[in-house]
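*Asks:* Okay, handing you the structure first.
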Amino acid sequence: MRKFLVVLDDSRECLNAMRFAAMRAANTGGGVQILSVIPPDDFNHWIGVGEVMREEARDRINAHFEVFAKWMRDKQGVNPELVIREGQPVNEIIAQINEDSAIGVLVLGAGTGKKGPGPLVSQLSRSAGSLPIPITIVPGDLSKDRLEEIT
């Protein structure tokens, strides 16, 4: 089964990327893998404090995942899987793609603000030619109705 890899982060555009991935998976018989990356600089503290912060980050990720997973299961009939990695986001996304041959498409949400599409879209689009899979960039301001039309 082909999987759509989508990145879970705190960005607003993440929501449309999640919706798109779930709708495409439902319409094509695919799956969804949700990747969340914890940057290493979040834990540059004493060992005990760093471990507590790491566990809190994982708990927060799991809580966000459950919200998206419930919607995907209830509305789209898709049961997503969660992968949590630690490291630099772009490096970890590429590593996940290289490690899981079932991933067929990377889905990213593009920001709509004056700062541009966001760091992941900017960085990954520069290396898109060397990735083993296509990238789908979903505009952050697409309506839910429009997403349904195009998926």
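Rule-based calculations on the coordinates, nothing more; no lab input. It should be emphasised that the depicted structure is a prediction, and the values quoted were computed from it without experimental measurement. Don't worry about glycine lacking a Cβ; one is built from the backbone with ideal geometry, like all the others, and counts go over all protein chains shown.
*Asks:* Answer with one residue from Leu35, Ile103, Val83: the one whose Cα lies farthest towards the positive end of the charge dipole of the chain, charges on Cβ with Lys, Arg +1 and Asp, Glu -1.
*Replies:* Ile103
*Asks:* A further question follows. May I ask which residue of Gly129, Ile94, Val67 lies farthest towards the positive end of the charge dipole of the chain, with charges of +1 (Lys, Arg) and -1 (Asp, Glu) on Cβ and the Cα centre as origin?
*Replies:* Of the candidates, Gly129 comes out farthest on the positive side.
*Asks:* Moving on. Taking Cα pairs under 8 Å and at least six residues apart, what relative contact order does the chain come out at, in percent?
*Replies:* Value for the chain: 33 percent.
*Asks:* In a shell of Cβ-Cβ distance under 12 Å around Ala63, excluding Ala63 itself, what net charge do Lys and Arg (+1) and Asp and Glu (-1) give? If you can, show how the numbers build up before the last one.
*Replies:* Working: positive: Arg58, Arg60, Lys70; negative: Glu56, Asp59, Glu66.
My count for the surroundings of Ala63 gives 0.
*Asks:* Sticking with this one: Given R₀ = 41 Å, FRET efficiency for Glu148-Met53 by Cβ-Cβ distance, to 0.05?
*Replies:* It comes to 0.60.
*Asks:* Can you list the aspartates and glutamates whose alpha carbon is less than 15 Å from that of Lys144, not counting same-chain residues fewer than 8 positions off?
*Replies:* Leaving aside aspartates and glutamates fewer than 8 places away in the same chain, those within reach of Lys144 are Glu13.
*Asks:* Quick one: in the chain, what % of C-alpha pairs are over 18 Å apart? Write out the running numbers ahead of the final one.
*Replies:* On the way: 6521 of 11325 pairs.
Value for the chain (Cα pairs over 18 Å): 58 percent.
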